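The values are calculated or read from the model by the stated rules, or taken from the named source; none is laboratory data. Model, not experiment: these values are computed from the prediction. Cβ: placed from backbone, ideal geometry, glycine included. Neighbour counts: every protein chain shown. Heavy atoms of the whole protein, side chains included, go into the accessibility calculation; ligands, DNA and RNA do not. Shrake-Rupley method; radii C 1.70, N 1.55, O 1.52, S 1.80 Å.
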Amino acid sequence: MTNLVLNKNQKEATLHNKGPMMVLSGPGSGKTTVITYRIKNLIENLEVLPNDILVITFTKAASEEMKQRFNKVCNNSYNVTFGTFHSYFFRIIRAYYKYDLNNILNDYEKTNIIKNIISKNNISFDNEEEFIQAIINEISLLKNELINPIFFNSNYTDSNTFSIIFKEYEDFKQENNKIDFDDMLIKCYNLIKKDENVRKFWKDKYKYILIDEFQDINRVQYECIKMLINNEKNIFIVGDDDQSIYGFRGSKPEFLLKFPNDFDNTKKIILNTNYRSTKQIINLCNTIIEDNNNRYNKNIVGTDKTYKAPILIRAYDAYEEAKKIVEKIEALKKDYSLEEIAIIYRTNIQARAIVEKFMDYNIEYQLKDKVPSIYDHFIAKDIIAYLKLALDKLDNTSFMRIANKPKRFLNKNMLSDAIDICKNEKSILEYLYCSTSLKSWQLEKVNDLLFHIGQIKKKNAYDAIRYILKIVGYEDYIEEYASFKNIGTKGLLEIANEILESSKGYTDILTYLDHIEDIKEEIDKKYKSKNNQKGIVLTTMHSAKGLEFDVVFVIGCIDGIIPHEKSKSNMEIEEERRLFYVALTRAKRLLYISILETKYENKVIPSRFLKKLIKFKR
């Protein structure tokens, strides 16, 4: 390590002494090396005391890795402080507020509190897990952005509902003397802003502050840092505005872009040599990211490593995409370990087809994110109930689930009496058909259902589900349900279409139902297993940041997925482009980009981010 050769820009950054410095580090440019060797230089050549140095990262894992890298370089000789923003700010507030670790809510507790508030207030949603996470993210965003809750507009519910959730959550914490991770930041900000003695003590505590991944900083963190830097302004930041992808929690490239204005005489260094990727991959990534306007120009170059140009995969749909990727992987296995291959996607729902195809081919994989089983969604359970009822009219549990989906005007008392009479010995459906107590319109609906399940039984899985959605009228039920709950239909219909998509290739219903049970069992096992570190890495674009692989597949690269259909403004589109850039720059040797012709049988077009590279009609 002592014989490490730094390039010109890396060396200039490590030798920097006093005053503010901004290091713009492109992908694979050796930023961790620069930080560790700068600390080493401060101590060994500039006689800075180790206790006067603070190194801040964004995650505990990154902090530990940075500390280990530094200790390896310096043979564990120096006691430099490494930590996260949260650990640093918690140290500041814990003495003043008499907090300890028992006062901090973990993510599980936070989720349960929000869940109970939503349940208590009978708040509507289309998917509980997604809704709760969205609300948690929005509460975090308004705090990180220092927004007054009165002026915050939720994207997931109305203002009054959000206010209720927010107030009751804050009341719970106050009554139980609890804080969450966002409160650490807010309380620190308020404390050092109002208390000059506390501010002065912590300004004098560290003479040199180094911050990694500065593009991930949010407003409250930035405002705190500005107040905590000593008068010599010895702040050294490393980041890449092109990899700022956490806008949903308040991170913006603007903080990097405005840094020289907030800290006079800032020196700027660009680490523009990418040691990770081949020249062909670097050129592609440069072509894509240069379309963003709100950025520093970096002119990323490589080290003349060359290999194959990025490869475009064209597939009719997600089913064929998964099949083609598996075929590619089967060939790649001869030259690459599975752990050096990654599948990267924009949203978790895209993982479904890949996971199922991997199971079919017995390919080992690991999930970087929690991928909830789509088959646990109420829409999937309803469709499965129709399929089971078609196979067995005696399956009264399945009948009861879909008795009024869509409306068949079978009231609760009537159904309750039928359960008591039939128990598990007779088919409730056939009992109702023979019942003299049904009105003519009710009998007509029951008769229709009997006819429908007879038709469903004759079909393969795909045609059966399509029949349930289109002919039986389950899509109409989704529309009515969404209207009653006052929620959007798009997300619900996507779930229904994904279930339909999942049934392709299964010649009969029973085989498909067995497949679902296998998938649910497999996903559950993946979550519970502590040894989930073997095989191909499946990850979202957000979770891929900081990782690198010999071979990368970026899948589903169509408009509506990347950029995501919810991203409308120029600012949102630029963040989506940065997210795409992060995904592509994970590749070291081989990069595959997959586009689809259709999504749920509807025509789609390739991502606009590829417009310079692919000829297609918009």
Revision key, fill the gap. Residues whose modelled amide H sits under 5 Å from the amide H of Asp559, counting only those 5 or more places away in sequence or on another chain, are Ile605, Ser607, Arg608
Revision key, fill the gap. If each part is reduced to its alpha-carbon centroid, the stretch 1-59 and the stretch 570-605 end up apart, in Å, by 34
Review point. Taking a quarter of the surface of the Cα convex hull of the chain, what do you get in nm²?
Key: 31.7
**Study point:** Evaluated at q = 0.17, 0.19 Å⁻¹: base-10 log I(q)/I(0), Debye formula over Cα of the stretch 51-127
**Key:** -0.82, -0.91
Revision key, fill the gap. Expressed as a percent, the accessible surface of the stretch 314-369 that is carbon or sulfur, using a 1.4 Å probe and the full set of protein chains, is 45
Point to revise | For the stretch 247-403: rounded, prolate or oblate by the Cα gyration tensor [a/c cutoff 1.5] | key: oblate
Exercise for review: Quote to one decimal, in nm, the extra length available between His564 and Lys458 on full extension: 0.36 nm per residue of separation minus the C-alpha distance between them.
Suggested key: 34.3 nm
Check your understanding: Of the accessible area of the stretch 231-271, with the probe set at 1.4 angstrom, what percent is carbon plus sulfur?
Key -> 41
Exercise for review: Take the alpha carbon atoms of the stretch 218-232, find their center, do the same for the stretch 292-349, and report the distance between the two centers in whole angstrom.
Suggested key: 39
Exercise for review: Send over the per residue convex hull volume for the stretch 336-449, Cα only, as a whole number of Å³.
Suggested key: 143
Review point. What length, rounded to one decimal in nm, is gained on full extension from Met571 through to Tyr307, with 0.36 nm per residue of separation minus their alpha-carbon distance?
Key: 91.6 nm
Practice item. Give me the accessible area of Ser159, 1.4 Å probe, in Å² rounded to the nearest 10. Key: 60
Check your understanding: Straight-line reach from Lys205: which lysines have a Cα under 21 Å away, not including same-chain ones fewer than 8 places off?
Key -> Lys18, Lys40, Lys67, Lys98, Lys187, Lys193, Lys194, Lys226, Lys233
Exercise for review: Taking the chain as the reference, fit the longest principal axis to its C-alpha atoms, fit the long axis of helix 351-360 to the helix C-alpha atoms, and give the angle between the two in degrees, 0 to 90, nearest 10.
Suggested key: 70
Check your understanding: Of the trypsin sites (Lys or Arg not before Pro) in the stretch 416-467, which ones lie in a loop per DSSP and count no more than 12 other C-beta atoms within 10 Å?
Key -> Lys423, Lys439, Lys458
Practice item. Leaving out ligands and nucleic acids, note down the accessible area per residue over the chain with a 1.4 angstrom probe, in whole Å². Key: 48
**Study point:** Filtered trypsin sites (Lys or Arg not before Pro), the stretch 548-610: DSSP coil and at most 12 other beta carbons within 10 Å
**Key:** Lys566, Lys568
**Study point:** J(HN,Hα) series, the stretch 409-424, from Karplus relation 6.51 cos²θ - 1.76 cosθ + 1.60, nearest Hz, glycine and proline x
**Key:** 6, 9, 6, 4, 4, 4, 5, 4, 5, 5, 4, 4, 6, 7, 6, 10
Review point. Once the Cβ-Cβ distance between Thr511 and Ala61 is put in as r, and R0 is 56 Å, what FRET efficiency do you end up with, to the nearest 0.05?
Key: 0.85
Check your understanding: At q = 0.18 Å⁻¹, what log₁₀ I(q)/I(0) does a Debye calculation on the Cα points of the stretch 430-485 give, no solvent, two decimals?
Key -> -0.73
Review point. Taking the stretch 418-451, which GluC sites (Glu not before Pro) meet the DSSP loop condition and have no more than 10 other C-beta atoms within 10 Å?
Key: Glu425
Practice item. Pop out the ³J(HN,Hα) list for the stretch 97-113 in order, Karplus 6.51 cos²θ - 1.76 cosθ + 1.60 with θ = phi - 60°, rounded to Hz; leave Gly and Pro as x. Key: 9, 6, 8, 9, 4, 5, 7, 8, 6, 8, 4, 5, 5, 4, 4, 5, 4
Review point. How many nm separate the modelled label positions at Asp291 and Asn362, each set 7 Å beyond the Cα in the direction of the Cβ?
Key: 4.3
**Study point:** Among the listed pairs Lys534/Lys603; Lys405/Lys504; Lys370/Lys599, those beyond 28 Å (Cα-Cα)
**Key:** Lys534/Lys603
Revision key, fill the gap. Simple spin-label estimate for Thr489/Ile150, 7 Å along Cα→Cβ, in nm, reads 3.9
Exercise for review: Give me the accessible area of Leu146, 1.4 Å probe, in Å² rounded to the nearest 10.
Suggested key: 60
Check your understanding: Tally Lys/Arg at +1 and Asp/Glu at -1 over every other residue whose Cβ is under 13 Å from the Cβ of Phe125; what's the total?
Key -> -3
**Study point:** Unit charges on C-beta of K, R, D, E only; dipole of the chain, Debye
**Key:** 1620
**Study point:** Most to least accessible of Trp202, Trp441 (protein chains only, probe 1.4 Å)
**Key:** Trp441, Trp202
Exercise for review: Order Ser543, Ser29, most accessible first, counting only protein heavy atoms with a 1.4 angstrom probe.
Suggested key: Ser543, Ser29
Exercise for review: Could you please put Met227, Met541 in sequence from largest to smallest accessible area, using a 1.4 Å probe?
Suggested key: Met227, Met541
Check your understanding: HN-Hα J couplings of the stretch 279-290 from phi, Karplus 6.51/-1.76/1.60, θ = phi - 60°, integer Hz, Gly and Pro as x?
Key -> 4, 5, 5, 4, 4, 4, 5, 4, 4, 6, 6, 5
**Study point:** the stretch 111-174, Cα convex hull volume normalised per residue, Å³
**Key:** 83
Review point. Cβ under 10 Å from Gln243's Cβ, Gln243 left aside: what net charge do those residues give with Lys, Arg +1 and Asp, Glu -1?
Key: -3
Revision key, fill the gap. For the stretch 156-285, Rg(Cα) over 2.2 N^0.38 Å is 1.36
